[in-house]
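**Q** First the structure, which I've put down as structure tokens, then a few questions once you've had a look.
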Amino acid sequence: MKKSSFVALVLGTVSGLLFALGMCMALIPEWNAFKPGAVLGCVGAILGIVTLIVWRRMAGKAPIHLSPRAVLVVLVGIAGALMLGVGMCFCMVWNKLVPGILIGLLGILILFCLIPLTKGLKD
């Protein structure tokens with residue numbers, strides 16, 4: 001394993017854990033830790049961005065350039081993940097199975113749209 005991959009693995013794992021723990025702290029009312037959870041989640045998100053920058057530098061890759069296509073791909077990914085999550089909430093939290101399944105399937109279809117957006121369509 002390359003050093004850049006190992007560093008990205010460690011930093012990515014730490015940032016993911018911090019982000020997940022922060023979101024749990026902020027969103028589970030029984031824990032009563034919204035403010036520290038929000039701070040910890042933000043630290044995890046910032047560390048994730050730093051991880052990406054550090055990994056690209058160590059791997060000798062060019063910095064990421066934001067193009068309209070890259071922004072579109074990110075927005076479609078966010079929309080699909082949110083729709084899938086809302087569908088899961090409908091099913092598991094609010095006990096509305098049919099709308100939850102439909103919203104979740106819509107989220108999955110939106111996420112499937114990422115394949116032609118990122119890879120393109122070929123003959």
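The values are calculated or read from the model by the stated rules, or taken from the named source; none is laboratory data. The model shown is predicted, which means the values in this text are computed figures rather than measured ones. All Cβ positions, even for glycine, are placed from backbone atoms using ideal geometry, and neighbour counts span all protein chains on display.
Residues checked against (1) over 27 Å from Leu9 (Cβ atoms); (2) surrounded by 15 or more Cβ atoms within 10 Å (Cβ to Cβ); (3) not hydroxyl-bearing (Ser, Thr, Tyr):
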site	(1), (2), (3)
Arg56	no, yes, yes
Pro63	no, no, yes
Leu66	no, no, yes
Ala70	no, no, yes
Cys91	yes, yes, yes
Gly100	yes, yes, yes
Gly107	yes, yes, yes
Ile115	no, no, yes
Leu121	yes, no, yes
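**Q** Just to be sure, is Gly85 part of a helix (DSSP H, G or I), small (Gly, Ala, Ser) and surrounded by 15 or more Cβ atoms within 10 Å (Cβ to Cβ)?
**A** no
**Q** Scanning the range 13-32 for residues that are among the small types (Gly, Ala, Ser) and crowded, with 16+ Cβ neighbours inside 10 Å, which turns out modelled with the highest pLDDT? If you could, list the steps in order and put the result at the bottom.
**A** Step one: filter the range 13-32 for residues among the small types (Gly, Ala, Ser), giving 15-16, 20, 22, 26.
Going one step further and asking which of them are crowded, with 16+ Cβ neighbours inside 10 Å, we end up with 15, 22, 26.
Numbers: Ser15: 97, Gly22: 94, Ala26: 92.
Among them, the one singled out is Ser15.
**Q** If the requirement is being touching a Cys at 6+ places or on another chain (Cβ under 9 Å) and surrounded by 13 or more Cβ atoms within 10 Å (Cβ to Cβ), which of these qualifies: Val39, Val76?
**A** Only one candidate qualifies: Val76.
**Q** Within the set of pairs 6+ apart or on separate chains, which have a first residue in the range 11-29 that is assigned by TED's automatic domain parsing to the domain that holds Val39, a second that is outside any helix (DSSP H, G or I), and C-beta atoms under 8 Å apart?
**A** Met25/Ala33; Ala26/Ala33
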